[in-house]
Amino acid sequence: MNITGIKGMNDILPGDIETWQFLENTARRVFGLYGFGEIRMPVVEKTELFSRSIGETTDIVEKEMYTFTDKGGNSLTLRPEGTASVMRAYIQHKLHARDPIAKLFYIGPMFRHERPQKGRYRQFHQIGAEAVGIDDPKIDAQVLAMLMHYCEEVDIRDVELQINSLGCPECRPGYRQILIDFLEKRLSELCEDCRRRYRSNPLRVLDCKVPGCKDATVLAPSVLDHLCAGCAEHFAQVKMHLDDLDLVYVVNARMVRGLDYYTKTTFEILAGSLGAQNAVAAGGRYDRLVKELGGPDVPGIGFAMGVERLVLMKGDERIAPSCPDLFLATLGEEAHRRGFALVHRLQRQGLRVEMDFEGRSLKAQMRRADKLNAAYSMILGENELADGKVALRDMSSGGQYAVAIEQIATLLRQRLAREAQPESP
Ligand code: HAM
C-alpha cells in the first residue's frame, strides 16, 4: 500500500509555491516598513505554555491540540498558534531588557486537530505579527493599518475589518456575570454544548452557530455597554485613529475570540468569498499575557493571517514559476562532456541553465527545452567547439545571435535584463 500524507496536512507543490513565496516575501517587505523584525520559534513547546495562555476552557486547549509525551516523560504540544511561543521567547531571552518595545513577526506552520474542510486544516500556516510594550491606542490602529496595507499589496480585496473590545480584568468579570445571568434565563433554548459551557466560557455562547442559540442571544447584553472608563476611552481612541488613517471598519460587539488571553481591542478580517471559514486574519490586544507567563508587566497586540486562506482568495491567479534562462543542447560525446562543464560555469555566473544528461537526440533535447519554457537555447557540437562560438536562440521570437562561448553569460544577462524592463508606452 502507498503511504499517503496525513488528513488535513497538505503538500505545497511547485506551481502553488510561487503564490506562497509571494505572500511571505510581501509580508517581510511590508512589515519591515513598520519596524517589525522576524523571529522563528520551535514548532513544539511545553503543553503548559498553551494551556496557560490560550485558556483551559477554549476549544483549542480542550480538544484540538496535538499533545504527546516525549521519551523523557514531558508533555509537549505542536504549537496551535504563535503568540504564546513569541511571548515565551520574549521572556526567556529578556528581549525587554534590550528594548522595551519589541515588534516581531513570524511565518510558519501551526497544528490544530480540527475537522478538515475548505479553509480549515490540521497543519496550516500563519503569518503573524506582535507588538509588545506599547499601551497607546495608536499602536492598535497602526497594527491594523499594516494588516490592511498588506492585504492591498497582495491584492486581497473585498474584505471587511471588524473590531470589538473585550474589556479588561476590571470590567470583564462584571460583564461576564451579566451575560451568565442573561443566559441562565434561556438555558432551555441553548444547545447542549452551550448549556455545558455557559458558566465557564459564556462569551463562546455568543459565537455558537446553532440557530437556537443565535435566536436566544439576539438581545444579549453588549460587552461595549459594560466597558470600564479606561477600556471605553481606549476603544474610542482606536476608532478615532482608524478614522484618521481612513481605514474602514465595522464594530461587531458580538465578536468572540477563541483564545482567552485577549483584553481590550480585538479584530477580525473577514472575506465573504471564503464561505464558512471566512476569517482571513484575526488578533487583538493581550495586556496581561506576558505577566501571566512570568514576564514583566508589559502590554501586547498582534494578529495572525491564515496563509491557506490567503491562497484560496488568490483563486486561480498563478504566479509563473521561474524558467531556465538557457537550455544547452549538445551533439556528440565530446560536446556533451564539455557542455556539462559549461553549464556548471554559467550557473556559477548566476544564470539558470539546464541540459539533458542522457545523451538523447537533438529533437528530444529541444522538446525538453520547450517543456521547461527556457528563454534561450543553444546547440553545442563539434563545429561550435572548434570555432569557440555558438548561436543563441531566443525561444519565443526564434531570433539567433552568434556569440563567443566566453561571452555567453554577458550577452544573456544583457538580453534578459532588457526583456525584464517594462515596455515603454
Ligand atoms: P486565530 O483566530 O486562532 O488567532 O487564528 C488566526 C488565523 O489563522 C485565522 O483567522 C485563520 O485565518 C487561520 N487559521 C486558524 N485556524 C486554522 C485552520 N485550522 N486552518 C486554516 N487556517 C486557520 C490566533 O492564532 C492568534 N495567535 C492571533 C493573534 C496574534 N492574536 C494576537 N496576536
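The values are calculated or read from the model by the stated rules, or taken from the named source; none is laboratory data. What you are looking at is a predicted structure, and each value in this text was computed from that prediction instead of being measured. Reconstructed Cβ throughout: ideal geometry from the backbone, glycine too, with neighbour counts over all protein chains shown.
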Candidate set: region 37-55, residues that are outside any helix (DSSP H, G or I) and of a type in the set (Gly, Ala, Ser); chosen: the one nearest to Ala131 (Cα to Cα): Gly37
For the subset of region 56-93 comprising residues that are buried (at least 19 other Cβ atoms within 10 Å of the Cβ) and part of a loop (DSSP other than H, G, I, E, B), which member is farthest from the chain's Cα centre (by Cα)? Thr58
Of the conditions (1) more than 10 Å from the ligand (Cβ to nearest atom); (2) within 30 Å of Phe235 (Cα to Cα); (3) not in a helix (DSSP H, G or I), Glu317 fails just one. Which one is it? (2)
Under the condition of being modelled with pLDDT of 95 or more and not in a strand (DSSP E or B), which residue from region 99-117 is farthest from the ligand (Cβ to nearest atom)? Asp99
Taking the options Gly294, Gly283, name whichever one is part of a strand (DSSP E or B) and farther than 30 Å from Ile379 by Cβ. Gly283
Report, by residue number, each residue of region 155-186 that is surrounded by fewer than 21 Cβ atoms within 10 Å (Cβ to Cβ) and of a type in the set (Gly, Ala, Ser). Gly174
List the helices (runs of 4 or more DSSP H) inside region 142-256, counting only whole elements, that have at least 1 residues being over 25 Å from Gly35 (Cα atoms) and aliphatic (A, V, I, L, M). 172-184, 202-206, 211-216, 229-244
Only one of (1) in contact with a strand residue (DSSP E or B) (Cβ under 7 Å, 6 or more places away or on another chain); (2) buried (at least 22 other Cβ atoms within 10 Å of the Cβ); (3) not in a helix (DSSP H, G or I) is not met by Leu259, so which one is it? (1)
How do the pairs read when you match residues in region 12-24 that are closer than 15 Å to Asp316 by Cβ with residues anywhere that are in a helix (DSSP H, G or I), using Cβ under 6 Å and keeping only pairs 6 or more apart or on different chains? Thr19/Val311; Thr19/Lys314
Mind checking which residues of region 1-44 are within 16 Å of the ligand (Cβ to nearest atom) and of a type in the set (Ser, Thr, Tyr)? Thr19, Tyr34
Suppose we filter Ala329, Ala279, Ala341, Ala364 for residues that are at pLDDT 95 or above, of a type in the set (A, V, I, L, M, F, W, C) and within 11 Å of the ligand (Cβ to nearest atom); which single one remains? Ala279
Look at Phe327 and say whether it is farther than 30 Å from Asp135 by Cα, outside any loop (DSSP other than H, G, I, E, B) and touching a Ser or Thr at 6+ places or on another chain (Cβ under 6 Å). yes
With surrounded by 15 or more Cβ atoms within 10 Å (Cβ to Cβ), touching a residue at least 60 places away in the same chain (Cβ under 8 Å) and within 12 Å of the ligand (Cβ to nearest atom) as the only criterion, which of His96, His149, His125 stands out? His125
Test: residue in region 124-136 that is under 21 Å from Ala253 (Cβ atoms) and not polar (S, T, N, Q): no
Region 356-414 - residue that is among the basic types (Lys, Arg) and surrounded by 12 or more Cβ atoms within 10 Å (Cβ to Cβ) and, of those, nearest to Phe340 (Cα to Cα): Arg360
